[in-house]
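Peer 1: Please read through the structure below; I'll follow up with questions.
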């Protein structure tokens, strides 16, 4: 087996984190495109904040590393609850208290 070279990761001091609560994923035969954006109450138009383009292999590797990290997270902090109908992710994001936007007032 070949020795693996250690790569030093440099985080620039002016690096600005981007908050995202939504992602759009598309693909072609050659690449996966991940568009990250934030959707907040009363927003009618959203801007893509970050676009990441991955090879199919890179996308599968991302899936694998995210799965591993979610397992570790849940082992430490408990299960990440996914909303179930009629309660939706939008209800959680916009703190509607379980009331669907179509339930009326």
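The values are calculated or read from the model by the stated rules, or taken from the named source; none is laboratory data. Please read all numbers here as calculations on a predicted model, not as lab measurements. Positions of Cβ are backbone-derived with ideal geometry, glycine not excepted, and every protein chain shown enters the neighbour counts.
Peer 1: Show the residue pairs that are 6+ apart or on different chains and have beta-carbon atoms under 6 Å apart, the first residue being within segment 18-45 and touching a residue at least 40 places away in the same chain (Cβ under 8 Å), the second being assigned to a loop (DSSP other than H, G, I, E, B).
Peer 2: Pairs that qualify, where the first residue is touching a residue at least 40 places away in the same chain (Cβ under 8 Å) and the partner is assigned to a loop (DSSP other than H, G, I, E, B), are 21/38; 39/46; 41/94.
Peer 1: Name the residues in segment 38-50 that are modelled with pLDDT of 95 or more and under 12 Å from the mean Cα position of the chain (by Cα), would you?
Peer 2: 50
Peer 1: Something else about it: Kindly evaluate residue 7 against the criterion of being free of Cβ contacts under 8 Å to residues at least 40 places away in the same chain and surrounded by 13 or more Cβ atoms within 10 Å (Cβ to Cβ).
Peer 2: No: the conditions fail for residue 7.
Peer 1: Do we find a residue being at pLDDT below 95, in a loop (DSSP other than H, G, I, E, B), in contact with a helix residue (DSSP H, G or I) (Cβ under 9 Å, 6 or more places away or on another chain) and surrounded by 10 or more Cβ atoms within 10 Å (Cβ to Cβ) anywhere in segment 20-37?
Peer 2: The answer is yes; a qualifying residue exists.
Peer 1: Scanning segment 67-97 for residues that are at pLDDT 95 or above and surrounded by 11 or more Cβ atoms within 10 Å (Cβ to Cβ), which turns out nearest to the chain's Cα centre (by Cα)?
Peer 2: Filtering segment 67-97 for residues that are at pLDDT 95 or above and surrounded by 11 or more Cβ atoms within 10 Å (Cβ to Cβ), the one nearest to the chain's Cα centre (by Cα) comes out as 70.
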